[in-house]
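Trainee: Pasting in a structure now, in C-alpha coordinates, and then I'll have a few things to ask.
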Amino acid sequence: MYSREEVKQLKETFWTRFGQYMALNNSADGEKINWVNYRTGIKNLRFKMEADKRLSLIAIEWSHRDLSMRKLMMEQFEEYKTILTAILGEEWIWDLEMEDEQGKSVSMIYMTMEGKSIFKQEDWPDLISFFKPRLIALDEFWCDAQYGFEIFKS
(Lines give C-alpha, C1' and ligand atoms only; values in the text may rest on other atoms or scores of the structure.)
Protein backbone atom coordinates (compact mmCIF):
# COMPACT_ATOMS: atom_id res chain seq x y z
CA MET A 1 0.00 0.00 0.00
CA TYR A 2 1.22 3.47 -0.82
CA SER A 3 0.98 6.48 1.45
CA ARG A 4 -0.96 9.50 0.22
CA GLU A 5 2.33 11.27 -0.47
CA GLU A 6 3.72 8.31 -2.45
CA VAL A 7 0.54 8.14 -4.54
CA LYS A 8 0.80 11.86 -5.25
CA GLN A 9 4.48 11.55 -6.16
CA LEU A 10 4.02 8.57 -8.49
CA LYS A 11 1.15 10.25 -10.33
CA GLU A 12 3.09 13.50 -10.59
CA THR A 13 6.14 11.66 -11.94
CA PHE A 14 4.09 9.79 -14.54
CA TRP A 15 2.28 12.91 -15.81
CA THR A 16 5.52 14.91 -15.86
CA ARG A 17 7.23 12.20 -17.92
CA PHE A 18 4.21 11.87 -20.19
CA GLY A 19 4.23 15.63 -20.72
CA GLN A 20 7.95 15.59 -21.54
CA TYR A 21 7.43 12.73 -23.97
CA MET A 22 4.49 14.48 -25.64
CA ALA A 23 6.39 17.77 -25.85
CA LEU A 24 8.25 16.25 -28.80
CA ASN A 25 4.97 16.51 -30.76
CA ASN A 26 3.46 19.74 -32.01
CA SER A 27 -0.29 20.18 -32.24
CA ALA A 28 -2.11 19.46 -35.50
CA ASP A 29 -1.81 23.13 -36.42
CA GLY A 30 1.97 23.03 -35.84
CA GLU A 31 2.03 24.87 -32.51
CA LYS A 32 3.76 23.92 -29.26
CA ILE A 33 1.16 22.70 -26.82
CA ASN A 34 0.81 21.65 -23.20
CA TRP A 35 -0.59 18.19 -23.85
CA VAL A 36 -1.27 17.29 -20.21
CA ASN A 37 -3.31 20.46 -19.61
CA TYR A 38 -4.86 20.80 -23.04
CA ARG A 39 -6.77 24.06 -23.49
CA THR A 40 -9.88 23.90 -25.66
CA GLY A 41 -10.67 27.61 -25.30
CA ILE A 42 -14.23 26.77 -24.24
CA LYS A 43 -15.20 27.27 -20.62
CA ASN A 44 -16.23 24.01 -18.90
CA LEU A 45 -14.91 21.89 -21.82
CA ARG A 46 -11.68 19.95 -21.48
CA PHE A 47 -9.77 16.93 -22.61
CA LYS A 48 -9.29 14.78 -19.55
CA MET A 49 -6.85 11.98 -18.82
CA GLU A 50 -6.86 9.91 -15.66
CA ALA A 51 -5.06 6.80 -14.50
CA ASP A 52 -5.17 4.91 -11.23
CA LYS A 53 -4.41 1.38 -10.08
CA ARG A 54 -7.00 -0.34 -12.31
CA LEU A 55 -8.48 2.02 -14.87
CA SER A 56 -7.27 4.67 -17.29
CA LEU A 57 -9.56 7.11 -19.03
CA ILE A 58 -9.27 9.68 -21.78
CA ALA A 59 -12.27 11.90 -22.40
CA ILE A 60 -13.83 15.00 -23.78
CA GLU A 61 -15.63 16.32 -20.72
CA TRP A 62 -18.00 19.25 -20.38
CA SER A 63 -19.22 20.29 -16.99
CA HIS A 64 -21.69 23.15 -17.37
CA ARG A 65 -24.04 23.17 -14.37
CA ASP A 66 -27.09 23.55 -16.60
CA LEU A 67 -28.15 20.21 -18.09
CA SER A 68 -29.81 21.96 -21.03
CA MET A 69 -26.47 23.57 -21.93
CA ARG A 70 -24.76 20.18 -21.69
CA LYS A 71 -27.47 18.74 -23.97
CA LEU A 72 -26.84 21.50 -26.51
CA MET A 73 -23.15 20.74 -26.47
CA MET A 74 -23.88 17.01 -26.84
CA GLU A 75 -26.00 17.80 -29.88
CA GLN A 76 -23.11 19.81 -31.32
CA PHE A 77 -20.71 16.92 -30.73
CA GLU A 78 -23.20 14.56 -32.37
CA GLU A 79 -23.00 16.74 -35.50
CA TYR A 80 -19.28 15.95 -35.55
CA LYS A 81 -19.54 12.30 -34.47
CA THR A 82 -18.65 10.81 -37.86
CA ILE A 83 -15.55 13.01 -38.13
CA LEU A 84 -14.51 12.37 -34.52
CA THR A 85 -14.90 8.60 -34.88
CA ALA A 86 -12.98 8.59 -38.16
CA ILE A 87 -10.07 10.53 -36.63
CA LEU A 88 -10.04 8.40 -33.47
CA GLY A 89 -10.34 5.20 -35.47
CA GLU A 90 -12.64 3.70 -32.84
CA GLU A 91 -16.02 4.17 -31.20
CA TRP A 92 -16.00 5.92 -27.84
CA ILE A 93 -18.67 5.90 -25.12
CA TRP A 94 -21.07 8.87 -25.14
CA ASP A 95 -22.64 9.73 -21.79
CA LEU A 96 -24.79 12.82 -21.26
CA GLU A 97 -25.25 12.43 -17.52
CA MET A 98 -22.63 11.07 -15.19
CA GLU A 99 -20.80 12.17 -12.07
CA ASP A 100 -17.15 13.12 -11.88
CA GLU A 101 -14.87 12.24 -8.97
CA GLN A 102 -16.27 15.17 -6.93
CA GLY A 103 -19.88 14.13 -7.49
CA LYS A 104 -20.52 16.94 -9.99
CA SER A 105 -22.77 16.27 -13.00
CA VAL A 106 -20.80 16.18 -16.25
CA SER A 107 -21.10 14.89 -19.80
CA MET A 108 -18.38 12.86 -21.47
CA ILE A 109 -17.25 11.19 -24.62
CA TYR A 110 -14.61 8.75 -23.45
CA MET A 111 -12.55 5.59 -23.79
CA THR A 112 -11.12 3.49 -20.98
CA MET A 113 -8.40 0.91 -20.56
CA GLU A 114 -8.41 -1.58 -17.71
CA GLY A 115 -5.70 -3.67 -16.14
CA LYS A 116 -2.79 -1.23 -16.15
CA SER A 117 -1.67 0.69 -13.08
CA ILE A 118 -0.09 4.10 -12.86
CA PHE A 119 1.61 2.74 -9.73
CA LYS A 120 3.60 0.15 -11.71
CA GLN A 121 6.33 1.74 -13.78
CA GLU A 122 6.40 -1.35 -16.00
CA ASP A 123 2.83 -0.40 -17.06
CA TRP A 124 3.79 3.16 -18.03
CA PRO A 125 4.66 2.28 -21.66
CA ASP A 126 1.19 0.77 -22.06
CA LEU A 127 -0.42 3.83 -20.47
CA ILE A 128 1.52 6.12 -22.78
CA SER A 129 0.54 3.95 -25.76
CA PHE A 130 -3.08 4.30 -24.67
CA PHE A 131 -3.06 8.07 -24.13
CA LYS A 132 -0.71 9.35 -26.84
CA PRO A 133 -2.49 8.42 -30.08
CA ARG A 134 -5.89 9.31 -28.67
CA LEU A 135 -4.77 12.69 -27.39
CA ILE A 136 -3.12 13.48 -30.72
CA ALA A 137 -6.34 12.43 -32.48
CA LEU A 138 -8.43 14.65 -30.16
CA ASP A 139 -6.14 17.55 -31.00
CA GLU A 140 -6.49 16.86 -34.73
CA PHE A 141 -10.27 16.77 -34.33
CA TRP A 142 -10.33 19.94 -32.23
CA CYS A 143 -8.17 21.93 -34.65
CA ASP A 144 -11.00 21.65 -37.19
CA ALA A 145 -14.11 21.32 -35.00
CA GLN A 146 -13.44 24.07 -32.45
CA TYR A 147 -15.06 26.70 -34.67
CA GLY A 148 -18.38 24.88 -34.42
CA PHE A 149 -18.24 25.31 -30.63
CA GLU A 150 -17.56 29.04 -30.49
CA ILE A 151 -21.19 29.62 -29.53
CA PHE A 152 -20.28 28.07 -26.15
CA LYS A 153 -17.49 30.57 -25.44
CA SER A 154 -18.12 32.98 -22.58
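Trainee: Six or more apart or on different chains, Cβ atoms under 9 Å: show the pairs whose first residue is in the stretch 142-153 and more than 8 Å from I42 (Cβ to Cβ) and whose second is of a type in the set (S, T, N, Q).
Mentor: W142/S27; W142/T40; C143/S27; A145/Q76; G148/Q76; I151/Q76
Trainee: Residue check, T85 against (1) under 25 Å from T13 (Cα atoms); (2) in contact with an Asp or Glu (Cβ under 7 Å, 6 or more places away or on another chain); (3) not charged (D, E, K, R), all met but one. Which one?
Mentor: Only one criterion in (1) under 25 Å from T13 (Cα atoms); (2) in contact with an Asp or Glu (Cβ under 7 Å, 6 or more places away or on another chain); (3) not charged (D, E, K, R) is unmet by T85, namely (1).
Trainee: All but one of (1) part of a helix (DSSP H, G or I); (2) of a type in the set (A, V, I, L, M, F, W, C); (3) closer than 26 Å to R4 by Cα; (4) free of Cβ contacts under 8 Å to residues at least 60 places away in the same chain hold for F77; state the number of the condition that does not hold.
Mentor: Only one criterion in (1) part of a helix (DSSP H, G or I); (2) of a type in the set (A, V, I, L, M, F, W, C); (3) closer than 26 Å to R4 by Cα; (4) free of Cβ contacts under 8 Å to residues at least 60 places away in the same chain is unmet by F77, namely (3).
Trainee: Can you name the number of the only condition in (1) modelled with pLDDT of 90 or more; (2) over 14 Å from W142 (Cβ atoms) that I83 fails?
Mentor: Failing condition for I83: (2).
Trainee: Could I ask something else about it? Quick test for you: out of N26, N44, pick the one residue that is surrounded by 11 or more Cβ atoms within 10 Å (Cβ to Cβ), farther than 29 Å from G115 by Cβ and touching a Phe, Trp or Tyr at 6+ places or on another chain (Cβ under 6 Å).
Mentor: Working: N26 fails: touching a Phe, Trp or Tyr at 6+ places or on another chain (Cβ under 6 Å).
After ruling out the rest, the residue left standing is N44.
Trainee: If you go through the stretch 114-151 one residue at a time, how many are of a type in the set (D, E), farther than 25 Å from M69 by Cα and under 17 Å from the mean Cα position of the chain (by Cα)? Show your work before the answer.
Mentor: First pass over the stretch 114-151, keeping only residues of a type in the set (D, E): 114, 122-123, 126, 139-140, 144, 150.
The next check asks that each one be farther than 25 Å from M69 by Cα; those that pass are 114, 122-123, 126.
Now narrow it down to the ones that are under 17 Å from the mean Cα position of the chain (by Cα): 114, 126.
The number of residues fulfilling the criteria is 2.
Trainee: Of all residues being in contact (Cβ under 8 Å) with a residue 60 or more places away in the chain and surrounded by 20 or more Cβ atoms within 10 Å (Cβ to Cβ) in the stretch 50-61, which is farthest from V7 (Cα to Cα)? Just the residue, please. Give the steps one after another, and end with the answer.
Mentor: Taking the stretch 50-61 first, the residues in contact (Cβ under 8 Å) with a residue 60 or more places away in the chain are 51-54, 56, 58, 60.
From what's left, surrounded by 20 or more Cβ atoms within 10 Å (Cβ to Cβ): 51, 56, 58, 60.
Numbers: A51: 12, S56: 15, I58: 20, I60: 25 Å.
Going through the qualifying residues, I end up with I60.
Trainee: Hey, another quick one. Spot the failing condition for S107; the list is (1) in contact (Cβ under 8 Å) with a residue 60 or more places away in the chain; (2) surrounded by 18 or more Cβ atoms within 10 Å (Cβ to Cβ), and only one is missed.
Mentor: (1)
Trainee: Take the residues in the stretch 16-49 that are free of Cβ contacts under 8 Å to residues at least 24 places away in the same chain and part of a helix (DSSP H, G or I), then tell me which one is farthest from S105 (Cα to Cα).
Mentor: Q20
Trainee: Let me ask something else. Which one of these does I118 not meet: (1) within 22 Å of F77 (Cα to Cα); (2) crowded, with 19+ Cβ neighbours inside 10 Å?
Mentor: The single condition I118 does not satisfy is (1).
The values are calculated or read from the model by the stated rules, or taken from the named source; none is laboratory data. This is a predicted model, so every value here is computed, not measured. Note: ideal-geometry Cβ built from the backbone for every residue, glycine included; neighbour counts use all protein chains shown.
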